[in-house]
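Take a look at the structure below.
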Ligand SMILES: [Zn+2]
């Protein structure tokens, strides 16, 4: 998938669909809200809630980084969908296991 230099909200959605097909069997529900927003105050690069995935506007001009951050939030999104995202321990065992699975599938090739 080719990325332009500046990622639009529309492209962000296309990347989600692409990654969902490629690494999640297309099984992830599409978030009600999936877009770039100003997260300066939160100091976050991405946020995943029960119905939205938000990516920091500051990454719009960094396609690789935006891609990586979306993939990270999609892991939270998947674990939430299966009731396995554990608040404070949201980067714990289940999260890491999922990252290893993605790594094995080559999801990070060319990105890191
Ligand atoms: Zn996280």
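Here, each number is a calculation from the coordinates, and none is a lab measurement. Note that the structure is a prediction, hence the values are computed from the model and not measured. When we count neighbours, we look across all protein chains shown, and the Cβ atoms used for this are built from the backbone with ideal geometry, even at glycine.
By the helix-only formula, in which each DSSP H run with n ≥ 4 contributes -39500 (n - 2.57) and the sum is divided by residues, the chain has a 222 nm mean residue ellipticity of -14000 deg cm²/dmol. Of the DSSP beta bridges with both residues in the stretch 9-104, give the percent that are antiparallel, rounding to the nearest 5. Among the beta bridges of the stretch 9-104, antiparallel pairing accounts for roughly 40 percent.
Taking a spot 7 Å from the Cα of residue 49 along the direction of its beta carbon, which residues of the stretch 24-40 have an amide N less than 16 Å from it? Counting backbone N atoms under 16 Å from the label point, the list is 31-40. The Rg/Rh ratio for the chain, using Cα coordinates for both the radius of gyration and the Kirkwood hydrodynamic radius, is 0.93. The distance between label points at residue 82 and residue 112 comes to 2.0 nm (points 7 Å beyond Cα on the Cα→Cβ vector).
Residues of the stretch 29-47 with an amide N closer than 20 Å to a point placed 7 Å from the Cα of residue 4 along the Cα-to-Cβ direction: 34-38.
Spacing of the modelled spin labels on residue 104 and residue 33, each 7 Å from Cα toward Cβ, amounts to 3.6 nm. Largest first, the extents of the alpha carbon coordinates of the stretch 49-112 on the three principal axes equal 32, 27, 17 Å.
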